[in-house]
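Below: the structure, in structure tokens.
The values are calculated or read from the model by the stated rules, or taken from the named source; none is laboratory data. This one's a predicted model, so the numbers in the text were calculated from it and none came from an experiment. Glycine also receives a Cβ, built like all others from the backbone with ideal geometry; neighbour counts cover every protein chain displayed. Areas reflect the complete protein model, heavy atoms only, side chains present, ligands, DNA and RNA absent. Shrake-Rupley method; radii C 1.70, N 1.55, O 1.52, S 1.80 Å.
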Amino acid sequence: MSDKKKLPAFLSDKKYRGRLTSFSMVLIMYIVIEILMNTGNLSSLFTSLLVPVCCYIVAAIGLNLNVGISGELNLGQACFMSVGAFSAVCVSGSLASSVPDVPRLVISMIVGAILAAVFGILIGIPVLKLEGDYLAIVTLAFGQIVKSLITNMYLGIDEAGYHFSFVDNNVELIPGGKMLLNGPMGATGTQRISTFTAGVVLVVVALIIVYNLMFSRSGRAIMAARDNRIAAESVGIEIVRIKLLAFGISSCLAGAAGALYGLNYSTLIPAKFDFNTSILLLVYVVLGGLGNMNGTMIATIILVLLPELLRSMQDYRMLIYAIVLILIMLLTNNEMVKTWIQKAYLRLSTDRKGR
Amino acid sequence: MLKITDLKVSYGMIEAIKGISFEVGDGEIVTLIGANGAGKTTTMHAISGLLKPAGGGIMLGDTELTKIPSHRIVSMGLAQVPEGRRVFALQTVEENLTLGAYTRKDKAGIAGSMEKVFELFPRLKERRKQMAGTLSGGEQQMLAMGRALMAEPSILLLDEPSMGLSPLLVSEIFHIIVEINKNGTTILLVEQNAKRALAIADRAYVLETGLITLSGTGEELANDERVKKAYLGG
Ligand SMILES: Nc1ncnc2c1ncn2[C@@H]1O[C@H](COP(=O)(O)OP(=O)(O)OP(=O)(O)O)[C@@H](O)[C@H]1O
Ligand SMILES: [Mg+2]
């Protein structure tokens, strides 16, 4: 007990411990991967997955804020990534000749994030007023709408400015111009300016934003509204505003993640961000534990990497994937396994002190 | 302090409150008694802004409340303890109480209010770090009351605080209600436990399927034959 008291506040308090774990985890992984990469010990497959993993982590953290903390189901997180991705591709394509890579990446991500947040808020205002799982239904529909819209959009840029057409491609460009959006083919010829470092920075920024919100006055109000709507109203919490805040930040993070994702590939089709991707993100969140950002990160990393790393196993690939899914669920959500790990950990640490 | 005139509340086509009028004076304990489904909770929700009335007026001092959203009503000095021990189960006792002061900004004042709540409910102080969902039923009721007091209301609305509690705890809760009132908070109490409620009330109203059928001082109603027959078991 006396040991516990000596610990500084940020170590003894549970909420600070979670935060500390998150940031040290990200930092250590970043350093290890950078070392491996610079010494040439990282396979090209693994290297190519670094940026996407960061993107999925950020989108999943955002989704966990909405599903785990705010308690509103969202079945269209991928389409907020889509909004971010394609707007970022357009911004970056337009600025390609005039702005250097790094600031261009930052500007594109900010635009993608803001646009996704605007869409989130526009959807959220009417829907979050209703009690029940209406957000799930509406985000599901929104995902389909966004996909169809982008699949039918043609946008080109040349010296005369932007040219836009919808459904039929009748954009004609002066030689030297280029297509930014190409209907079902999506974005082609995108300059790849995303980097792993940018991905890690985005993860850290997302963590800072989400943790600061979670442990603020507004964060407690968000959880209160989730736990008991009537009681939350009775203490004077504005339910709609506070849920909108969580949903807006969630969409905003998905938008930024999508932007980074979009600028990581030279071609990107709208079908990439379909319903399946939204469900996968939800799987990362649920397996990692609702409201548990560290769990979300770990689940995302494992579940994005695993199918790729198992490609050589062919027939056994999905079997192993399924077993891992079950194991993660046990590890993060099962009380029995959790207490067992805690006990083992305690025994280990007391043993060490005894000597 | 609180004046309700011809209040009507409907759920869709069903009219749950059919035009009731009553008053709560400064410093009083006023109780509204009635059977299940009489419309007691509906009345409370209408006053605190959780439900929009279909007609009538609700005056708090000089302010008409019917047009004001619920989150602003709390900061005007009217707090509600909702029916059924609605605590924030996944947050600690202390966090629940802090949320009670959600509309306040004065940190020192909030800390002072918390001390006052702990004086009134010493049991909450012992359990300040405990998750609210793991408290006993009686403790959860105390927490819900303490949380409402954190807003430092001038009038407190209590919806069936004795529901589902043992006789001993019911006595304790009623004792505390009187205590809160002595400290200067006006009280509007909704109860099915008519005997206890009438014993501490300055004035009382009987609500029957959306209409007020009787009113008087607590003592008058406790001795009224009709009340005795319908609510006091004989
Ligand atoms: N959300 C709702 N939708 C439709 N009808 C409702 C709703 N809430 C309450 N009612 C109806 O309104 C009437 C009054 O209900 P209310 O909850 O106000 O009663 P009460 O006096 O508080 O009862 P109790 O003592 O059981 O809590 C009842 O007939 C009830 O069925
Ligand atoms: Mg009721």
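Please specify each residue of region B:99-128 satisfying the condition of being open to solvent by 50 Å² or more (accessible area, probe 1.4 Å) and within 14 Å of another protein chain (Cβ to nearest Cβ).
B:K105, B:D106, B:K107
Which one is modelled with the lowest pLDDT, of the residues in region A:215-247 that are surrounded by fewer than 22 Cβ atoms within 10 Å (Cβ to Cβ) and small (G, A, S)?
Checked region A:215-247; the qualifying residue modelled with the lowest pLDDT is A:S216.
For residues in region B:30-52 being among the β-branched types (V, I, T) and within 10 Å of ligand 2 (Cβ to nearest atom), which is most open to solvent (accessible area, probe 1.4 Å)? Let's see the steps before the verdict.
Pass one, region B:30-52, residues among the β-branched types (V, I, T): B:30-31, B:33, B:41-43, B:47.
Subset that is within 10 Å of ligand 2 (Cβ to nearest atom): B:41-43.
Numbers: B:T41: 33, B:T42: 13, B:T43: 0 Å².
Among those residues, the one meeting the criterion is B:T41.
From the list B:T217, B:T185, pick out the single residue that is more than 16 Å from ligand 2 (Cβ to nearest atom), free of Cβ contacts under 8 Å to residues at least 60 places away in the same chain, surrounded by 19 or more Cβ atoms within 10 Å (Cβ to Cβ) and farther than 28 Å from B:Y11 by Cα. Spell out the reasoning first.
Details: B:T217 fails: surrounded by 19 or more Cβ atoms within 10 Å (Cβ to Cβ).
When all the criteria are applied, what remains is B:T185.
Among (1) within 7 Å of chain A (Cβ to nearest Cβ); (2) surrounded by fewer than 18 Cβ atoms within 10 Å (Cβ to Cβ); (3) not hydroxyl-bearing (S, T, Y), there is one condition B:Q80 misses while meeting the rest; what is its number?
With (1) within 7 Å of chain A (Cβ to nearest Cβ); (2) surrounded by fewer than 18 Cβ atoms within 10 Å (Cβ to Cβ); (3) not hydroxyl-bearing (S, T, Y) applied to B:Q80, the lone miss is (2).
Residue check: is B:V87 touching a helix residue (DSSP H, G or I) at 6+ places or on another chain (Cβ under 8 Å), surrounded by 23 or more Cβ atoms within 10 Å (Cβ to Cβ) and either more than 9 Å from every other protein chain (Cβ to nearest Cβ) or over 28 Å from A:G291 (Cα atoms) (or both)?
On the way: touching a helix residue (DSSP H, G or I) at 6+ places or on another chain (Cβ under 8 Å): yes; surrounded by 23 or more Cβ atoms within 10 Å (Cβ to Cβ): yes; either more than 9 Å from every other protein chain (Cβ to nearest Cβ) or over 28 Å from A:G291 (Cα atoms) (or both): no.
No; evaluated as a whole, the condition is false for this residue.
In region B:72-171, which helices (runs of 4 or more DSSP H) lie fully inside it and hold 1 or more residues that are among the charged types (D, E, K, R) and over 20 Å from the mean Cα position of the chain (by Cα)?
Where helices (runs of 4 or more DSSP H) fall fully within region B:72-171 and carry at least 1 residues being among the charged types (D, E, K, R) and over 20 Å from the mean Cα position of the chain (by Cα), they are B:93-100, B:107-120, B:122-126.
Count, please, the residues in region B:35-47 that happen to be among the hydrophobic types (A, V, I, L, M, F, W, C) and near ligand 1 (Cβ under 9 Å from one of its atoms). Walk me through it before giving the result.
Going through region B:35-47, the residues among the hydrophobic types (A, V, I, L, M, F, W, C) turn out to be B:35, B:38, B:44, B:46-47.
If we keep only those that are near ligand 1 (Cβ under 9 Å from one of its atoms) as well, we get B:35, B:38, B:44.
Total meeting the criteria: 3.
Checking B:E191 against (1) within 15 Å of ligand 1 (Cβ to nearest atom); (2) open to solvent by 30 Å² or more (accessible area, probe 1.4 Å), only one condition comes out false. Which one?
Going through (1) within 15 Å of ligand 1 (Cβ to nearest atom); (2) open to solvent by 30 Å² or more (accessible area, probe 1.4 Å) one by one, B:E191 breaks only (2).
Which pairs do you get when a residue that is touching a residue at least 40 places away in the same chain (Cβ under 8 Å), found in region B:117-138, comes within reach of a residue that is open to solvent by 40 Å² or more (accessible area, probe 1.4 Å) and β-branched (V, I, T), reach meaning Cβ atoms under 9 angstrom, with the pair 6+ apart or on two chains?
Nothing qualifies.
Counting only residues that are more than 16 Å from ligand 2 (Cβ to nearest atom) and not hydroxyl-bearing (S, T, Y), which one in region B:8-20 is nearest to the other protein chains (Cβ to nearest Cβ)?
The initial filter retains those residues of region B:8-20 that are more than 16 Å from ligand 2 (Cβ to nearest atom), namely B:8, B:10, B:12-13, B:15, B:18-19.
If we keep only those that are not hydroxyl-bearing (S, T, Y) as well, we get B:8, B:12-13, B:15, B:18-19.
Working: B:K8: 21, B:G12: 15, B:M13: 20, B:E15: 22, B:K18: 24, B:G19: 25 Å.
Among those that are more than 16 Å from ligand 2 (Cβ to nearest atom) and not hydroxyl-bearing (S, T, Y), it is B:G12.
On the given criteria, is B:I17 within 11 Å of ligand 1 (Cβ to nearest atom) and closer than 27 Å to B:A222 by Cβ?
On the way: within 11 Å of ligand 1 (Cβ to nearest atom): yes; closer than 27 Å to B:A222 by Cβ: yes.
It is true that B:I17 is within 11 Å of ligand 1 (Cβ to nearest atom) and closer than 27 Å to B:A222 by Cβ.
Please go through (1) surrounded by 14 or more Cβ atoms within 10 Å (Cβ to Cβ); (2) outside the structural domain of A:V283 (by TED's automatic domain parsing) for A:I31 and return the number of the only condition it doesn't satisfy.
Against the list (1) surrounded by 14 or more Cβ atoms within 10 Å (Cβ to Cβ); (2) outside the structural domain of A:V283 (by TED's automatic domain parsing), A:I31 comes up short only on (1).
For (1) over 30 Å from B:P122 (Cβ atoms); (2) β-branched (V, I, T); (3) within 13 Å of another protein chain (Cβ to nearest Cβ), each residue gets a yes or a no:
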| residue | (1), (2), (3) |
| --- | --- |
| B:F22 | yes, no, no |
| B:G25 | yes, no, no |
| B:I29 | no, yes, no |
| B:T41 | no, yes, yes |
| B:L51 | yes, no, yes |
| B:G61 | yes, no, no |
| B:V74 | no, yes, yes |
| B:Q91 | no, no, yes |
| B:E94 | no, no, yes |
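Which one of B:L50, B:L32 is within 16 Å of ligand 1 (Cβ to nearest atom), closer than 19 Å to B:I212 by Cβ and within 14 Å of the chain's Cα centre (by Cα)? Don't jump to the end; show me each part of the working.
Details: B:L50 fails: closer than 19 Å to B:I212 by Cβ.
Sole residue among the options that is within 16 Å of ligand 1 (Cβ to nearest atom), closer than 19 Å to B:I212 by Cβ and within 14 Å of the chain's Cα centre (by Cα): B:L32.
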